[in-house]
Every structure is written in C-alpha cells, then in structure tokens.
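Peer 1: One structure, pasted below without further comment.
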Amino acid sequence: MATLEEVRTACEKCRQCALGETRTNLVFGVGNERARLMFVGEAPGEQEDLTGVPFVGRAGQLLDKFLFAVDIPREDVYIANILKCRPPKNRDPLPEEEDACIGYLREQVKAIRPEIIVCLGRISAMRLIKPDFKITAEHGKWFRKGEFWMTAVYHPAALLRDPRKKEDMLADMKTIRAKLDEGKHAQ
Ligand code: URA
C-alpha cells in the first residue's frame, strides 16, 4: 500500500487530465493522517489553488465554524477533495476529470483508514455514496459501505448561497459528532 507521501508525489506528477497544467498548486489534502473522520469536497477553488490547502476560502471558513460548533478540532480530521486541481472558473468537475483523479482519493482513504467519511455536497456524494444521491432529501442519512460509515452534508458554499440550510447542517454535524462518540465507546 502506498503512503500518503507517495500518493502526493504521484499527484504532483499527474497529467492524466488537463487541470495539472492550469493549476497554481496541487491541493492534495490536509489534516491528521490517522483521522477517524474524513471530509471529502468537490474540487479546489481559487484560495485553495493559491495556497495548496483544501477549504481555506469562504466556504472553508464556514466549515470551520460548524466543526467548532460540534467540538471537532479541524486538526483531528482529514480533508480532501475528489479533484486535486482547480477547474478553471470553479466549473463543476468533468466526469473524465473525476475518473482520472478518483484513484488518488481511494489511495488516501486506504492510507488513513477513517471510520467515517463525510461528503461535502452533492458532487462528492454522487461519486462516493451513490450516483443518484439527492442532497436535499438524503443529507444526514447514514450509509454503511464496507468498513466505513458514510454520510453527506450540504456543501458549505451552498450554505453561503442559502443560509436557511444552516439549521440542517448543524443537525447533520451533530449526528456526525454522535457517530464519532459511538465509535469511541466501541473501541
Ligand atoms: N470547495 C470544495 O469543494 N473544496 C475546496 O477545497 C474548496 C471549496
């Protein structure tokens, strides 16, 4: 099995899609390499492309607030995206870009072996949970997939566009906190 550093090196060199040529920085992933909880977003935005760190822009700062609200330190979790390079003008990832990149995420998951994977938004949930995932109807529901518990929450950028969704987000984050606490008792 590859180490995270080996996977990062492979990503740095990757030119399996065109985004490797247009990015400023690779946005590989950040956080605790032994995290019990992993978040997976869609693709880097402008701030992430400039810094090389996922979820540092406005959406990321809002995610931080929700983590704080349920007492989950950002340093305890691991955060990555389906795509490691920014799509120009933040357009949705193309299927062929997801196909080219998803293997790296799988390697990250294998190396970290989290107990819980939380998809941030519809695109991540459709790729990781099921292709017909409906974020409005199914956010906060739990799915057992192999050795992982999986759920999806609204993408923080969707909460910026529609603050009425924040109440649901907080409720979902509380179920994630509870799932973490359940796992701790089982250890
Ligand atoms: N949106 C994402 O999906 N990922 C990031 O890293 C930033 C914004």
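Peer 1: So, for the stretch 49-115, what is the accessible surface per residue at a probe of 1.4 Å, expressed in square angstrom?
Peer 2: 48
Peer 1: Okay, next question. Using only the alpha-carbon atoms, how far is helix 4-13 inclined from the longest principal axis of the chain? Give it as 0 to 90 degrees, nearest 10.
Peer 2: So the helix axis and the longest Cα principal axis differ by about 40 degrees.
Peer 1: At 1.002 mPa s and 20 °C, plugging the Kirkwood radius over alpha-carbon pairs of the chain into Stokes-Einstein gives what diffusion coefficient in µm²/s?
Peer 2: 130
Peer 1: What is the angle, in °, between the Cα long axis of helix 166-186 and the longest principal axis of the Cα atoms in the chain? Nearest 10 is fine, range 0 to 90.
Peer 2: 80
Peer 1: Picking from GLY140, HIS155, GLY103, whose Cα lies most toward the positive end of the charge dipole for the stretch 4-182 (charges on Cβ: Lys, Arg +1; Asp, Glu -1)?
Peer 2: Comparing the listed Cα positions along the dipole, GLY140 ranks first.
Peer 1: Count neighbours as other Cβ atoms within 10 Å of each site's Cβ, and list the GluC sites (Glu not before Pro) in the stretch 1-83 that are DSSP loop with at most 14 such neighbours.
Peer 2: Passing both the DSSP loop test and the Cβ count: GLU33.
Peer 1: Then there's this: GluC sites (Glu not before Pro) within the stretch 114-187: which are DSSP loop residues with at most 11 other Cβ atoms inside 10 Å?
Peer 2: Listed in order of number, the matching sites are GLU147.
Peer 1: How much of the accessible area of the chain, probe 1.4 Å, is carbon plus sulfur, in whole percent?
Peer 2: So the carbon and sulfur contribution to the accessible surface is 51 percent.
Peer 1: Could I ask something else about it? Okay, helix-only estimate at 222 nm for the chain: each DSSP H run of n ≥ 4 adds -39500 (n - 2.57), divide by all residues, round to 500 deg cm²/dmol; what do you get?
Peer 2: Here the helix-only value at 222 nm equals -13500 deg cm²/dmol.
Peer 1: Calculated FRET efficiency, ASP92 and ASP181, Cβ-Cβ r, R0 35 Å, to nearest 0.05?
Peer 2: Approximately 0.50, to the nearest 0.05.
Peer 1: Here's something else I'd like to know. Helix 95-112 versus the longest principal axis of the chain: what angle, 0 to 90°, nearest 10, using Cα atoms?
Peer 2: Its long axis makes an angle of about 60 degrees.
Peer 1: Follow-up question, since we're still on this one. How big is the stretch 69-108 by Rg and Dmax over its Cα atoms, in Å?
Peer 2: Using the Cα atoms of the stretch 69-108, the pair Rg, Dmax is 13.3, 37 Å.
Peer 1: Next up: Over the chain, with a Gaussian network built from C-alpha contacts below 10 Å, which listed residue (GLY146, GLY41, GLY52) shows the highest mean-square fluctuation?
Peer 2: Among GLY146, GLY41, GLY52, the largest GNM mean-square fluctuation belongs to GLY146.
Peer 1: How would the stretch 64-153 be classified by its alpha-carbon gyration tensor: rounded, prolate or oblate, with rounded meaning a/c under 1.5 and the a/b versus b/c comparison settling the rest?
Peer 2: It is rounded, given that a/c, with a ≥ b ≥ c, falls under 1.5.
Peer 1: A further question follows. What per residue convex hull volume, in Å³, do the alpha-carbon atoms of the stretch 131-175 yield?
Peer 2: It is 81 Å³ per residue.
Peer 1: Here is a further query. Can you pull out the trypsin sites (Lys or Arg not before Pro) in the stretch 1-35 that DSSP calls coil and that have at most 14 other Cβ atoms within 10 Å?
Peer 2: Hits after loop and neighbour filter: ARG15, ARG34.
The values are calculated or read from the model by the stated rules, or taken from the named source; none is laboratory data. Bear in mind the structure is a predicted one, so any value in this text is a computation, not a measurement. Every residue, glycine as well, gets a Cβ built from its backbone with ideal geometry; the counts of neighbours run over all protein chains shown. Just the protein is used for accessible areas: all its heavy atoms, side chains included, with ligands, DNA and RNA removed. Shrake-Rupley method; radii C 1.70, N 1.55, O 1.52, S 1.80 Å.
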